[in-house]
Amino acid sequence: MRTKLIVEKSTSGQIGTSIPELDVQERELGNLIPEKYLRSEPPRLPEVSEPEIVRHYVALSTRNHHVDKDLYPLGSCTMKYNPKINDWTASALADTHPYQPEELSQGLLGVYFELEQQLCAITGMSAFTLQPAAGSQGELVGVLLMRKYHELKGNSKDTILIPTAAHGTNPASVAMAGYKVVEVKSNAEGLVDLADFEAKITDHVAGFMLTNPNTLGLFEEHIFKISELIHAVDGLMYMDGANMNAMLGIARPADMGFDITHLNLHKTFSTPHGGGGPGAGPIGVIDKLVDYLPKPRVEKVDGKYLLNHELANSIGRVHGFYGNFGVLVRAWTYIRMLGPDGLRHISETAISNANYLMHKLKDVFELAYDRSCMHEFVLSAQIQKEQGVNALHIAKRLLDFGFHSPTMYFPLIVKEALMIEPTESENLETLDRFIDVMKQIAEEVEHNPELVLSAPHTTPVGRVDETYANRNLNVHW
Ligand SMILES: *Cc1c(COP(=O)(O)O)cnc(C)c1O
């Protein structure tokens, strides 16, 4: 039986706080705060004891799925390895104020400066800005840098090429920056179709934006050839590096010919994300684009850190302060804790975990592109669909076993797509449990499809009416 979702806990007279006695005269307060702002009645707050309020939040936390409960194989956008020590350092520094003067912020500016250098070492880029607050904002900033480059060179460019296996934010960011998106086909191997690519290159091409590895989890093998063709028309190469956990310590975007890249610190370099934030999508560039980076930039002059606002060719500011500080501190801690060998180990584990799952599951589910993958892979529930059950039903059934669903119906080039990313965080036992459950669901589809079609059976909320929810949005109760 489903548990009742919301239980009113307030009981008159219960108290969970101990506030020190008022040490100013109430009369004095009356003088400080104008009469019209003073309450005439106490606020209507829930009255609960401390154990009850803790139980309330713990109960709520178990009603949704999260990485502290079990596997969360939501391809591409998932939370990757996320050590708790990063939260500890970030919360230790949470009280610092963004208006603190530079001389009192040397340590914090030092964190920014070092983090930029670490990201340069990881990607091979010459400089980074930490300002963008999300991967998608990083993409927008990256395209604005492209625009600045072409404007200053007097190039007349209006088009950016994007392959069909790109992440969904890529075409959106390009369109926001005022460029035309021209799609490049994927070939039978799931990579950029070179013939189609060459046919679409003209003098109007400002650049190429590539999610690498792409959303099929495949590394773009013809990257040198692609870079050469784009550079031949003075275009710029942009890499969407949101899922850098596929390459850390193994390959660097700058060595592949990329001129600009963004990283998602809230995916690859820890910081729990979900529900829209917080995030950080730093942008790295090669030498010829450094002058256009957003201002201010962190610099070290005579052993002191400062924020330089005097940058004539900068595209300007893209964040209220210098970025999402807490996210940046977590990334800095993460990189310092793991070191170069640890980072490489992250990627090796991410890749072997994904390949292990892929090989164990490809006999039961159709594998869209049967070749070695990087951090993720895409199955198709096409066989199951012919038996009357689709990818959505399978995703719902997984919830009954305490697993989150994979990303579904994306990328669009795979029918009934289930995009699975186990991440580097999982051990062999967890991967094996997931394999067993996926196989069991495939059996159920054959022998007892009703069980899958009516799932989930064990969650506090079953099937929601998504159309109704979209049309009648009500986010409070
Ligand atoms: C998550 C993701 C993005 C977008 O990042 P946000 O921080 O959610 O804006 C872009 N590209 C890829 C490949 C991603 O996985």
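A few notes on this one:
- Residues located in the range 45-94, provided they are part of a loop (DSSP other than H, G, I, E, B), in contact with a helix residue (DSSP H, G or I) (Cβ under 8 Å, 6 or more places away or on another chain) and of a type in the set (A, V, I, L, M): V48, L71, L93, A94
- In the range 103-130, the residues that are closer than 20 Å to A254 by Cβ and part of a loop (DSSP other than H, G, I, E, B): G124, M125, S126, L130
- Test set (1) more than 13 Å from the ligand (Cβ to nearest atom); (2) modelled with pLDDT of 95 or more - S270 fails condition number: (2)
- Filtered residues of the range 413-441 (kept if within 19 Å of N243 (Cα to Cα) and open to solvent by 10 Å² or more (accessible area, probe 1.4 Å)): E424, S425, E426
- Within the range 382-399, the set of residues being hydrophobic (A, V, I, L, M, F, W, C) and either out of contact with any Asp or Glu (no Cβ under 7 Å at 6 or more places or on another chain) or within 13 Å of E443 (Cα to Cα) (or both) comprises I383, V389, L392, I394, A395, L398, L399.
- Every residue from the range 244-255 that is under 20 Å from N170 (Cβ atoms) and open to solvent by less than 10 Å² (accessible area, probe 1.4 Å): M244, N245, A246, M247, P253
- Yes/no for A133 being closer than 25 Å to E198 by Cα, within 15 Å of the ligand (Cβ to nearest atom) and of a type in the set (A, V, I, L, M, F, W, C): no
- Residue selected from the range 439-477 under the condition polar (S, T, N, Q) and farther than 29 Å from L357 by Cα, by the criterion nearest to the chain's Cα centre (by Cα): N470
Per-residue answers, yes or no, for (1) assigned by TED's automatic domain parsing to the domain that holds I201; (2) crowded, with 23+ Cβ neighbours inside 10 Å; (3) in a helix (DSSP H, G or I); (4) more than 15 Å from the ligand (Cβ to nearest atom):
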residue: V143; (1), (2), (3), (4): yes, yes, yes, no
residue: Y149; (1), (2), (3), (4): yes, yes, yes, yes
residue: N155; (1), (2), (3), (4): yes, no, no, yes
residue: S173; (1), (2), (3), (4): yes, yes, yes, no
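- When N355 is tested against (1) open to solvent by less than 40 Å² (accessible area, probe 1.4 Å); (2) in a loop (DSSP other than H, G, I, E, B); (3) at pLDDT 95 or above, just one condition goes unmet, and that condition is (2).
- Filtered by the rule that a residue be over 17 Å from N308 (Cβ atoms), without any contact (Cβ under 8 Å) to a residue 12 or more places away in the chain and either crowded, with 17+ Cβ neighbours inside 10 Å or among the polar types (S, T, N, Q) (or both), the range 98-122 gives a lone residue, Q100.
- Index of the failed condition, L161 passing every other in (1) assigned to a strand (DSSP E or B); (2) buried (at least 22 other Cβ atoms within 10 Å of the Cβ); (3) within 16 Å of the ligand (Cβ to nearest atom): (3)
Yes or no, residue by residue, for (1) outside any helix (DSSP H, G or I); (2) over 30 Å from T89 (Cβ atoms); (3) open to solvent by less than 30 Å² (accessible area, probe 1.4 Å); (4) of a type in the set (D, E):
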site	(1), (2), (3), (4)
I346	no, no, yes, no
Y369	yes, yes, no, no
I383	no, yes, no, no
L399	no, yes, no, no
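- Qualifying residues in the range 216-240 (those that are within 16 Å of the ligand (Cβ to nearest atom) and of a type in the set (D, E, K, R)) - the one surrounded by the fewest Cβ atoms within 10 Å (Cβ to Cβ): E220
The values are calculated or read from the model by the stated rules, or taken from the named source; none is laboratory data. Computed from a prediction, not measured in an experiment: that's the story for all the values here. Here the Cβ is made from the backbone with ideal geometry for all residues, glycine too, and neighbour counts use every protein chain on show. Note: areas computed on protein heavy atoms with side chains; ligands, DNA, RNA excluded. Shrake-Rupley method; radii C 1.70, N 1.55, O 1.52, S 1.80 Å.
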